[in-house]
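Worksheet: one structure, shown below.
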Amino acid sequence: MTLKEKYPPGDFAIWIIIYVELITFGLLFLGYAFSRRADVALFNESQLLLSQTSGFINTLILITSSYFVVKAVQSITSMSEKSAEEANSKASKWLLYAIGCGIAFIFIKITEFYHIFGAGINLSTNKFFMFYIMLTAFHFMHVMLGSFILYVIYKKTKTEGYTFGDYRGIETGASYWHMVDLLWIVLFPLVYIIR
Amino acid sequence: MKKYLEIIWLILASLTLFAYLLGYLKIISTFFVAILLFTTFVKGSLVIEHFMGLYNVNLKYRIIPTLWLSAIIVLISVAYYLPI
């Protein structure tokens, strides 16, 4: 039997933040789901104005970026005392891919917002778009923060900042990024697909 | 298993494609919504367990995101299936 770790990976404070974020988004998800019951036709009609394809591509981008981040963390946590340089180099490569994914997500989302806002839609248009804008804009801000965090970690790997036994920072940033991915995994089918 | 992360990514990508096709082909029905919610739970669990790395962590911390995900999926199902 494998001995379980006592605490989750990374700094414990990030897990408090993650739990709070999950509850906040969870309430918004449920607000959307139960508000939909009051006017199913309006929600279904409004949903047709969204691009399911960009939602799908963004989901693929986020799960792929999460995979890259796990590979980066693995490179660092599996290093030996003598392989710090190689481990940091490998991790920086994976992180660069993940940051690229974050930027691609942001670009696609901005394009989507441009079309939505360009069509004269705003928070007051109707209840569907109020939830859509609140959920996706709030999530968008998390992607931007997450991408910045990945960049900070990337910079540290470039200076071989992670050494044998000292990798809490990369685990902390990675946990935050996976939370951003987890939230989108629920958001995509709920807002873009289910009708 | 050496390639287990790649397999998890492949499962996540396949389930995402499945969800997209349901929407794209406009074959969303009450039956498929149940399947879609179940696959969302599977995807979320895979991220929690294998990407967040909680599969190897003390149950009291591991269970919190899983309970959150279960509660969200169940309550979305209630909102969807409860007669209006």
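The values are calculated or read from the model by the stated rules, or taken from the named source; none is laboratory data. Quantities reported herein were computed from a predicted structural model and do not represent experimental measurements. Cβ coordinates were reconstructed from backbone atoms using ideal geometry, including for glycine residues, and neighbour counts include every protein chain displayed.
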Taking the conditions exactly as written (farther than 16 Å from A:Lys90 by Cβ and surrounded by fewer than 16 Cβ atoms within 10 Å (Cβ to Cβ)), does A:Val152 satisfy them or not? yes
Of all residues in segment A:69-80 being over 13 Å from the mean Cα position of the chain (by Cα) and crowded, with 24+ Cβ neighbours inside 10 Å, the one that is nearest to the other protein chains (Cβ to nearest Cβ): A:Val73
Among (1) more than 10 Å from chain B (Cβ to nearest Cβ); (2) in contact with a helix residue (DSSP H, G or I) (Cβ under 6 Å, 6 or more places away or on another chain), A:Gly55 falls short only on (1)
Taking segment B:6-57 as the region of interest, how many residues are at the interface with another protein chain (Cβ under 7 Å from one of its Cβ atoms) and either within 27 Å of A:Ile18 (Cα to Cα) or not aliphatic (A, V, I, L, M) (or both)? 20
Unique residue being touching a Leu at 6+ places or on another chain (Cβ under 7 Å) and among the aliphatic types (A, V, I, L, M) when the list is A:Leu60, A:Leu30: A:Leu30
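Of all residues in segment B:58-84, which are outside any helix (DSSP H, G or I) and either more than 28 Å from B:Ile28 (Cα to Cα) or at the interface with chain A (Cβ under 7 Å from one of its Cβ atoms) (or both)?
Those that are outside any helix (DSSP H, G or I) and either more than 28 Å from B:Ile28 (Cα to Cα) or at the interface with chain A (Cβ under 7 Å from one of its Cβ atoms) (or both): B:Asn58, B:Ile84.
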Can you tell me which residue among A:Phe117, A:Phe113, A:Phe128 is at pLDDT 95 or above, closer than 20 Å to A:Asp181 by Cα and not aliphatic (A, V, I, L, M)? A:Phe113
Within segment A:101-139, restricting attention to residues that are free of Cβ contacts under 8 Å to residues at least 12 places away in the same chain and part of a helix (DSSP H, G or I), which residue is nearest to A:Gly26 (Cα to Cα)? A:Met130
Going through segment A:13-52 one residue at a time, which ones are farther than 30 Å from B:Pro83 by Cβ and either within 9 Å of chain B (Cβ to nearest Cβ) or not in a helix (DSSP H, G or I) (or both)? A:Trp15, A:Ile18, A:Tyr19, A:Ser51
Boolean, B:Gly23 is among the small types (Gly, Ala, Ser) and in contact with a strand residue (DSSP E or B) (Cβ under 9 Å, 6 or more places away or on another chain): no
Based on this model, can you work out whether A:Phe148 counts as in a helix (DSSP H, G or I) and within 13 Å of chain B (Cβ to nearest Cβ)? no
